[in-house]
Amino acid sequence: MLVSLLTAALAGSLTAYLSFAPIGWWWAPYFGFAVLAALITRAPTVKRGALTGFIFGLAYFLAGVAWVRVSMNEFGGMPLGLAWFSAFLFCAYLALYPMLAGAFTAWAQPKNPWFFAFVFASAWTFAEYLRAHLFTGFEWLSVGASQTGAELSFQPFVSIFGSIGASWLC
């Protein structure tokens, strides 16, 4: 169990770090989400699928929104320890959305690989939609946004379906 959770954390952090600026490797989310999907298929329970999604999401957001700590500490004047703690709590809250996607995918238990891909993509996209519209309105680190500058990815679909649609296609 520990190895799969550490793998989820590594995949989540690398997905966020490599997919967006300044590195911007548009193909990195495909590998990161393939690892997450493989871990969820091996989850024996819905709780384990949810925990895997949460750990992936926590690492994803900790790597992707480290600037939140900087803005609170250096520009907002918040003490450093409190800024780190607040940023961690914020990332833990945002990780609830990937947790929801992991739990739903583990609950559905699709056996057909094509149907699994459909359920997983739909659950992740719905979680991103909820994250962008419920409570925080925090649309930062949407997977579809990593595809906007790519030459060979789903870039044409971004202008048609938007960032959320491109997230589903990834």
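The values are calculated or read from the model by the stated rules, or taken from the named source; none is laboratory data. Because the structure is a prediction, the values reported are computed rather than measured. Cβ placement follows ideal geometry from the backbone for every residue including glycine, while neighbour counts extend to all protein chains displayed. With ligands, DNA and RNA removed, areas are computed over all heavy atoms of the protein, side chains included. Shrake-Rupley method; radii C 1.70, N 1.55, O 1.52, S 1.80 Å.
Scan segment 59-90 for residues that are free of Cβ contacts under 8 Å to residues at least 60 places away in the same chain, among the aliphatic types (A, V, I, L, M) and touching a Phe, Trp or Tyr at 6+ places or on another chain (Cβ under 7 Å) and the total you get is 2.
Residues that are aromatic (Phe, Trp, Tyr) and either within 20 Å of the chain's Cα centre (by Cα) or under 16 Å from residue 40 (Cα atoms) (or both) occur at least once in segment 106-114. Taken together, the residues in segment 91-108 that are closer than 14 Å to residue 59 by Cβ and free of Cβ contacts under 8 Å to residues at least 40 places away in the same chain amount to 2.
Scanning segment 118-140 for residues that are modelled with pLDDT of 90 or more and either over 16 Å from the mean Cα position of the chain (by Cα) or assigned to a loop (DSSP other than H, G, I, E, B) (or both) returns a single hit, 118. Annotation: of all residues in segment 141-163 being among the aliphatic types (A, V, I, L, M) and open to solvent by less than 40 Å² (accessible area, probe 1.4 Å), the one that is modelled with the lowest pLDDT is 150.
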